[in-house]
Amino acid sequence: MPGRLPTKNDFSPAVSLSITPPPPSQQPANVLILLHGLGDTNASFEPLGQQLSLPETACIAVQAPAALPFGLRGFHWGDDLVIDDNTGEMNVDTGFKASSKLILDEIIRKGLVGKCGYRPVEIMIFGFAQGGMVALQAAAELDGEELGGVISIGGSLSLSTPLKALEKKSKTPILVCKGSRRSALSDSAVSRLKDAFAFVEVQEWKKTGDDMPSNRGEMFPIMDFFSRRLRSMRGVPAGSVELT
């Protein structure tokens, strides 16, 4: 039996999130978790779930747990906040132990699996930049189970996660997207991902930086990944049992 549509009451009130149901008249056979980048909020990713309009898929835009200091707007996923004295820029990779626990325990295990009846393989994560790093961290730490997939835009696996701590490669398929110039996903970062995950796809866009996709050509590999990983219950008789 497929899981039911999640509600905010299925999650801790301490977690800020918004839920977008699947297209009309469709039951949610999948859940897509959306994770924003550093300095943003879940409000900016809520429309993404609506725009994607993925079949039989509910979308949950989750807000990072830590607010930026100094009166700055937005939130971040890091365990700490470090600012480079020379550039004044925030360090993106400051460890994600707390955020990974939030996604794995509060959102996936307690909420989606425990209360809504989903299996991990019916859950996917889409993360941008720092949010992508959290998505990859959570998937790598999901012992003995695999998610439906992870899409990371410009986010790599945190250097704070020693690969030796991951006893074996994660079976969760991942797609990482990067710009061809000035990308945060260096060759060594991609190599590290391949050491941690058994199935890694890399999409390199012909542009500078790792911005969100801005045209149909850039979206195509993402939608193709969704088409291969999302599950469907349409045409399956009620009461059917899946054999694995």
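The values are calculated or read from the model by the stated rules, or taken from the named source; none is laboratory data. This one's a predicted model, so the numbers in the text were calculated from it and none came from an experiment. We place every Cβ from the backbone using ideal geometry, glycine too, and count neighbours over all the protein chains shown.
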Take residue 39 and tell me if it is more than 18 Å from residue 136 (Cβ to Cβ), at pLDDT below 95 and surrounded by 21 or more Cβ atoms within 10 Å (Cβ to Cβ). no
Here the residues within the range 203-217 that are surrounded by 12 or more Cβ atoms within 10 Å (Cβ to Cβ) and either touching a Lys or Arg at 6+ places or on another chain (Cβ under 8 Å) or small (Gly, Ala, Ser) (or both) are 203, 204, 205, 207, 209, 210
Restricting the range 109-118 to residues that are crowded, with 17+ Cβ neighbours inside 10 Å and in contact (Cβ under 8 Å) with a residue 60 or more places away in the chain, the one farthest from residue 153 (Cα to Cα) turns out to be 116
How many residues of the range 59-73 are in contact (Cβ under 8 Å) with a residue 40 or more places away in the chain and either touching a Lys or Arg at 6+ places or on another chain (Cβ under 8 Å) or more than 19 Å from residue 99 (Cα to Cα) (or both)? The answer is 0
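Considering only residues that are of a type in the set (Asp, Glu) and without any contact (Cβ under 8 Å) to a residue 12 or more places away in the chain, look in the range 74-106 and name the one that is surrounded by the fewest Cβ atoms within 10 Å (Cβ to Cβ).
So the first thing to find is which residues in the range 74-106 are of a type in the set (Asp, Glu), and the list is 79-80, 84-85, 89, 93, 105-106.
If we keep only those that are without any contact (Cβ under 8 Å) to a residue 12 or more places away in the chain too, we end up with 84-85, 89, 105.
Values: 84: 9, 85: 6, 89: 9, 105: 14.
Only one residue tops the list, namely 85.
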In the range 41-76, what count of residues is obtained for those that are closer than 29 Å to residue 231 by Cα and of a type outside the set (A, V, I, L, M)? 15
Which residues, counting only those in the range 127-156, are out of contact with any Phe, Trp or Tyr (no Cβ under 8 Å at 6 or more places or on another chain), assigned to a helix (DSSP H, G or I) and more than 21 Å from residue 75 (Cα to Cα)? 141
Per-region count, the range 158-176, residues at pLDDT 95 or above and either buried (at least 24 other Cβ atoms within 10 Å of the Cβ) or of a type in the set (Gly, Ala, Ser) (or both): 3
With the checklist (1) assigned to a helix (DSSP H, G or I); (2) under 28 Å from residue 14 (Cα atoms); (3) touching a residue at least 40 places away in the same chain (Cβ under 8 Å) in hand, flag the one item residue 124 doesn't pass. (1)
Check on residue 114, in a helix (DSSP H, G or I) and on the phi < 0 side of the Ramachandran plot: yes
